[in-house]
1. Count, please, the residues in segment 52-67 that happen to be modelled with pLDDT of 95 or more and either of a type outside the set (Val, Ile, Thr) or assigned to a loop (DSSP other than H, G, I, E, B) (or both).
2. Just checking, which of ALA138, ALA162 is crowded, with 16+ Cβ neighbours inside 10 Å and not charged (D, E, K, R)?
3. On the basis of being within 17 Å of ARG159 (Cβ to Cβ), outside the structural domain of ILE98 (by TED's automatic domain parsing), touching a residue at least 24 places away in the same chain (Cβ under 8 Å) and touching a helix residue (DSSP H, G or I) at 6+ places or on another chain (Cβ under 7 Å), does ASN210 make the cut?
4. Going through LEU233, LEU209 one at a time, which residue ends up being of a type outside the set (Ser, Thr, Tyr) and under 15 Å from the mean Cα position of the chain (by Cα)?
5. Which of the residues spanning segment 136-153 are over 15 Å from ILE98 (Cβ atoms) and either of a type outside the set (A, V, I, L, M, F, W, C) or without any contact (Cβ under 8 Å) to a residue 40 or more places away in the chain (or both)?
6. One residue is enough: does segment 80-93 have a residue meeting the conditions in a loop (DSSP other than H, G, I, E, B), more than 13 Å from the chain's Cα centre (by Cα) and at pLDDT below 95?
7. Looking at (1) exposed (fewer than 12 other Cβ atoms within 10 Å of the Cβ); (2) not in a loop (DSSP other than H, G, I, E, B), which one does PRO171 not meet, given that it meets all the others?
8. Anything in segment 71-90 that is more than 13 Å from THR125 (Cα to Cα), among the hydrophobic types (A, V, I, L, M, F, W, C) and crowded, with 20+ Cβ neighbours inside 10 Å? List them, or say none.
Amino acid sequence: MKRLLGTINTRMLVLTAFALLCFGVLVVNVGRPTRPQNVAVESVSPNEIKIINKTTTLDVTFETMGDNQLLVKVKNLSSKDMNGYVIGFNDARVTKDISIGDRVISTGETDDLQLPIRSSSMTLTILAAMFADGSIEAEPVLEKELSETRLGLKKELIRNLAVLDEILSSPDAYSTKSLDRLEDKFSFPSNSHALSNLESGVQSARNSLNSELKSLRQRQQHEGSAMQIQRLLDLRGRIERRIARL
């Protein structure tokens, strides 16, 4: 399973959790600084892990693992396909976005999330569920935040779909120059200020598309450019399907 590497800005701390093409994991500190990851924590008893569920559509179980890790299993209880959720743990909040890959969590299916154990006790708070029909189950403030982020994500994907169509219609679509032009269009300027929810969505879209471009470059280097137009068409299809699920 591929996994997503996030980015760091002044409002949020994003940790590496999973590779780039399947889903995104965003870890945001919301309270006092947490214990550094390299500090050993004694094994946590399941009795010291509390679950607070603020949704009606998710069920969560867990098991402790080695190396100070907790494996959380998130089950979709709704009748709709799910493509994201939010879990709070101690002083941090994890947003997992699965809309990046051609995958959803269907009714009755589970998704695994691995979290670091940083204290002798933990509280997991199930905060939100996001669905492939665009709906979100969360308390009003968080629902607004997630809706704005997904709106920025969707708008940027639509814009980049038009950019990709322009590249595909150009005579040098098979060349490295076309990938250079795409990378230039998908770049995101650095900001010293905290990003708004809408801007965070835009940044997320550009990060995932730049990851796709990196993969395209690697394939071109190893396999040549003969199939590049088909690879770009495949990318276009993935973007279209993602837009439809936001």
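1. The qualifying residues number 7.
2. Numbers: ALA162 fails: crowded, with 16+ Cβ neighbours inside 10 Å.
Going through ALA138, ALA162 in turn, just one is crowded, with 16+ Cβ neighbours inside 10 Å and not charged (D, E, K, R): ALA138.
3. On the way: within 17 Å of ARG159 (Cβ to Cβ): yes; outside the structural domain of ILE98 (by TED's automatic domain parsing): yes; touching a residue at least 24 places away in the same chain (Cβ under 8 Å): yes; touching a helix residue (DSSP H, G or I) at 6+ places or on another chain (Cβ under 7 Å): yes.
So ASN210 fits the description; yes.
4. Details: LEU233 fails: under 15 Å from the mean Cα position of the chain (by Cα).
When all the criteria are applied, what remains is LEU209.
5. GLU137, GLU139, PRO140, VAL141, GLU143, LYS144, GLU145, SER147, GLU148, GLY152
6. Initial filter on segment 80-93 (in a loop (DSSP other than H, G, I, E, B)): 80-81, 90-91.
Within this subset, residues satisfying the condition of being more than 13 Å from the chain's Cα centre (by Cα) are 80-81, 90-91.
After this cut, where a residue has to be at pLDDT below 95 as well, the list is 90-91.
For segment 80-93, residues in a loop (DSSP other than H, G, I, E, B), more than 13 Å from the chain's Cα centre (by Cα) and at pLDDT below 95: present.
7. Every listed condition holds for PRO171 apart from (2).
8. MET82
The values are calculated or read from the model by the stated rules, or taken from the named source; none is laboratory data. What you see is a predicted model, and the numbers here were worked out from it, not measured in a lab. In this analysis, Cβ positions are derived from the backbone assuming ideal geometry, glycine residues included, and neighbour counts consider all displayed protein chains.
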